[in-house]
1. Checking B:Lys58 against (1) more than 7 Å from every other protein chain (Cβ to nearest Cβ); (2) within 18 Å of the chain's Cα centre (by Cα); (3) part of a helix (DSSP H, G or I), which single condition isn't satisfied?
2. If you go through the range B:79-88 one residue at a time, do you hit one that is without any contact (Cβ under 8 Å) to a residue 40 or more places away in the chain, away from ligand 2 (no atom under 12 Å from the Cβ) and farther than 24 Å from B:Ile125 by Cα?
3. Among the residues of the range B:132-171, how many are within 15 Å of ligand 1 (Cβ to nearest atom) and of a type in the set (Lys, Arg)?
4. Pull up the range B:270-295, narrow it to residues that are open to solvent by less than 20 Å² (accessible area, probe 1.4 Å) and within 11 Å of another protein chain (Cβ to nearest Cβ), then point me to the one that is nearest to ligand 1 (Cβ to nearest atom).
5. Between A:Lys153, A:Lys133, which is without any contact (Cβ under 8 Å) to a residue 40 or more places away in the chain, among the basic types (Lys, Arg) and within 14 Å of another protein chain (Cβ to nearest Cβ)?
6. Quick check: anything in the range A:79-102 in contact with a strand residue (DSSP E or B) (Cβ under 8 Å, 6 or more places away or on another chain) and surrounded by 14 or more Cβ atoms within 10 Å (Cβ to Cβ)?
7. Would you please name the residue that is least open to solvent (accessible area, probe 1.4 Å), looking only at residues in the range B:56-80 that are touching a strand residue (DSSP E or B) at 6+ places or on another chain (Cβ under 7 Å) and within 16 Å of ligand 1 (Cβ to nearest atom)?
8. Just to be sure I understand, how many residues within the range A:73-96 are assigned to a helix (DSSP H, G or I) and modelled with pLDDT of 90 or more?
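The values are calculated or read from the model by the stated rules, or taken from the named source; none is laboratory data. Small disclaimer: the values here were computed from a predicted structure and weren't measured. Neighbour counts run over all protein chains shown; Cβ positions are idealised from the backbone, glycine included. For the accessible areas, the whole protein counts, side chains as well, though only heavy atoms, and no ligand, DNA or RNA atoms are used. Shrake-Rupley method; radii C 1.70, N 1.55, O 1.52, S 1.80 Å.
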Amino acid sequence: MKLKKIQKGPLPLLVLVLFIFGYGCSSQLSEADNHNPEINNSTEQIAVKTAGITEIAVEAPPLTDGIFPCNDCHSEIEANPERRELVDMHDDITAIFNHDSDNRWCLDCHDLNNRDSLRLASGQLLDFKESYKLCGQCHGLKLRDWKVGVHGKRTGEWNGKKEYLLCVHCHDPHSPKFELLTPEPPPVMQENISYLNRKQKDDETK
Amino acid sequence: MKQNKTRRSFLKNISLASMAALTATGCNMKELDEFFQRNFRTLSDKEKEDIIKNLEQKYKQKYNKEFQVSAQPAMEQVEFAYALDLSRCVGCRKCVYACVDENNQSRSPQIHWIQVLQMEKEKGIDFAHSDVHYNPEKVPEKGHFYLPVACQQCRTPQCTTVCPVKATWQEPDGIVVIDYNWCIGCRYCMAACPYGARHFNWGEPEVPEEELNTDVHYLGNRPRVKGVVEKCTFCIQRVRKGKYPSCVEICPVGARKFGNLLDPESEIRYILENKRVLVLKEELNTQPRFYYFFGV
Ligand code: SF4
Ligand code: SF4
C-alpha cells in the first residue's frame, strides 16, 4: 500500500482534512508528496530577431471617397498658383484647416501641376503613400521615432511582420491635432461590486 | 484497544475509511486527479498534454465551446518588456476593456487588470491624489495626465516570494504567472504587490458565453474559478506566439510599446536608450519590466 511510505509526513492529516471537506482518494497520493520542483523550461523555439526586417507595410492612405484621382477634375481646370481661400470647392477643408494656417496653404504640400502628387520643399513629387516623408520635412524627430515604431502605432508581431499606420491615418493633415475622445466607463466602485453570481442574484430577487 | 495504537494509526485508518467512503459515493476520478494535480512546474510534457486535453473537454462541457489551451513555454533569448508613453495616453480606457475581452476577466463581479489613474499635472505622479473613477464627457481633461497600471512584471517580484505554496512564479521570459489550480486563495501576494496588480475572484467569475476568448494559455487567460488570484501576463497566449499584447493593438494613440529587451533592434531598446524613462515606486527595488516614458 502506497500510503505506508508517507505516514511520517503531514499527509495523513491532509487526507483527514480532505475527508472533512468531502474530497478524497487518488492513485496519485504518493506523488503529491514528491517535492522536487524539477523546473521544466526546455524549449526549441528561437525568437525571430526584428533586426533584418525592414519591411514597412502601411495601409493605403485614407483618401476621401470619390475624390481621387484629383486630376479627373483638375486636368480641366487652369492651375492658379495664387494663395487664396477656397470657397466653391474644398470649402470643407477650408473650414477645418488648422495646420500652421497663417503661413501655409494647399500648394505647400500639393503639387500645382500634378494634383495626384504631393510635393516636397525640394520640388520633388511624392506619392500619397509616402506622405510621411512630407510630414517629416518639418516634424523630423517624429519621423525618426515613427520609423523605429515609437511614435505612432504598430500592429502585428513584435518579432516579425508589423503594420504601420501613416501619419495621416491618425492625424488629419489639414487639422492634425487629436480630437477629444469619449472615455469607456469607469470601473464599478468597490462598494457596489456584487459577489453573487447570476443564479444567486435571481434567487435573491425572488 | 492498546494504547500505542494511537494517533498515527488513527489517522491511517481514517484516511482509508475516507477513501472507501468516497469510492462508495462515486466521486469522479477526473475531478480527483485534478484536485491532486501537482504544481505546473513539476509536470512532465506528457502530463501537461493530458491535463490540457482534460481541460479542453471540461471547458467544452462547461462553456459549450471548443477551447485551444496552450502550454507553450518561453522562447529562448527573449525577455519581454513594456513601455507606456505618458505624454500620449489620453485616458480613454480602451485598453482596459480590450484586456477584459482578451483575457476572459469576470464581467460580474467586475475585474479589471488595467487601472487607468488620472493625475494632476501640477502634482506629478502622486498615487494618493489619483483618481481611477474619473468620468468626464471627453478625455483628456485639461491639467491632467493618465497613468495606466497593471502588473509591472517585476524582476524581483514580491508576490512570488510570499506565496506559501509557490503557485506563482517568474517565467524565463520574465512573465510572472499563476497556476490557478495550485493557488489556494490566501491573497498574500495581493498584500505584497506594491502596484495593486493582483485581483481576487471573490465570486464565481462570469463571462457571457459569446464573449469568451477560446484561445487561451494555461498560465494566462484560461477561465478562472472562484477563490483564485489573477493578473496581467502581458497576454502570454499572444506574445509567446509573436503577437503584440491586446492593449498595444487597441490603444488609439499608440502609447503602448512592447518587445524583446534582448533584441537591440526592438522598439523597447530604442526607448530605453533614447527617451526619458521611469518605473513606478523605484525605491522598492521591484525592478519592473514595465517602463513609463515621455515620447515627446
Ligand atoms: S507588479 Fe505586483 S503582481 Fe506584478 S510582478 Fe510585481 S509584485 Fe508581482
Ligand atoms: S488605450 Fe491608450 S490612450 Fe487609452 S487609456 Fe489605454 S493607454 Fe491610454
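1. (2)
2. no
3. The number of residues fulfilling the criteria is 2.
4. Among them, the one singled out is B:Phe293.
5. Every option except A:Lys153 fails the conditions.
6. yes
7. Among those residues, the one meeting the criterion is B:Phe80.
8. Number satisfying all stated conditions: 7.
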